[in-house]
Each structure stands twice: as C-alpha cells, then as structure tokens.
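Down below is the structure, laid out as structure tokens.
The values are calculated or read from the model by the stated rules, or taken from the named source; none is laboratory data. Predicted model, so just to flag it, every value in this text is computed and none were measured. Using ideal geometry, Cβ is built from the backbone for each residue, glycine included, and neighbour counts are taken over all protein chains shown.
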Amino acid sequence: MPDTKDKKTPEDTPEKKKGFFSKIKEHAEDKEEQLEILSTFVRLGILVWSGAILTLAYVELPEALKIPKQDLDPTFIASVFTGVLATFGVQTSKKGSVNGGGGVSKKDMEMLIERASNTAPAQTIRIEQAPMVIAPTPPTNNDKKS
C-alpha cells in the first residue's frame, strides 16, 4: 500500500495570498479596464495628497508636534485639487454663481451682444488679402481744408 502522507495534493498546499494587481487582473480581464481602474486609484491618490496639503496650509498644528509652520502659497495645490475633482465630474463654484458653473448661458450672451450693438454701433471689416499695413500718414496739401 503506497504511503499517501508524503505526497502533496493541490488541496493541501496553502493558498498564496493575492496581491493588489492580481486581484485587479482577476476582476477585469480587459487591459483597458485594468488601466481605467489603475488611473482611478492614481487620481484618488493625487486627490488625497492635494487635499492633505491644502488642509495643512490652513490648519495650525499643535506645538506638541514640533512641526514648524509652513508658509506656502496654496494656489497650485488648489488648482491640482480642483483639476482632479473635475476628472471625477465634480465642479466647484462660488456662491451665487449662475447655472451652478459660473458660466454665461447662450441666451445671456445674445442679450449682451444685442445691448452692446445698440449702445455703441460698430462695423467689422474682414480683409481676406494679406499682407496689409494700416498706418497713419502725414497729411498732404490736397488733404488740408481751407
């Protein structure tokens, strides 16, 4: 009778722990889906990083931590933060803005153009021949009025 204790079966071997990337490959077989998931995590990382830096720019830390106050201009970090938020479809707007996005609607723009043309009429001339130089010239004797 053969000794069965010496032979290892697939059931006996401990299951190897799967890493993060192998779990992604398991759930999303398509390469484009894998890249989309990875890019989402990268954007989330940048969002968390920029949010933390912005928070540290405005919050005073306790003296017990012995971390010196950082004097930095948070403008760049704020633009990174809002840019990453925009990739997730979140738009920031100021209080009292029009249309939630702060933009001007087509109807409002047409009304502004109509009002401007009524108050200060102007004519636009389109020249399709180049090059052309428009420059002042000194008056000649024929141009002078008596």
Would you mention how many residues in the range 30-56 are closer than 16 Å to THR82 by Cα and not hydroxyl-bearing (Ser, Thr, Tyr)?
-> 12
Of these, VAL90, VAL42, which one is modelled with pLDDT of 80 or more, outside any helix (DSSP H, G or I) and of a type in the set (A, V, I, L, M, F, W, C)?
-> VAL90
Only residues that are aromatic (Phe, Trp, Tyr) and more than 30 Å from SER22 (Cα to Cα): list them for the range 35-70, please.
-> TYR58
Examine the range 61-73 for a residue that is surrounded by 10 or more Cβ atoms within 10 Å (Cβ to Cβ), basic (Lys, Arg) and modelled with pLDDT of 75 or more, and state whether such a residue exists.
-> no
Given the structure, is VAL133 at pLDDT below 85, exposed (fewer than 10 other Cβ atoms within 10 Å of the Cβ) and under 30 Å from VAL42 (Cβ atoms)?
-> no
Quick one: ALA116 ticks every box in (1) surrounded by fewer than 11 Cβ atoms within 10 Å (Cβ to Cβ); (2) in a helix (DSSP H, G or I); (3) at pLDDT below 80 bar one, so which box is it?
-> (1)
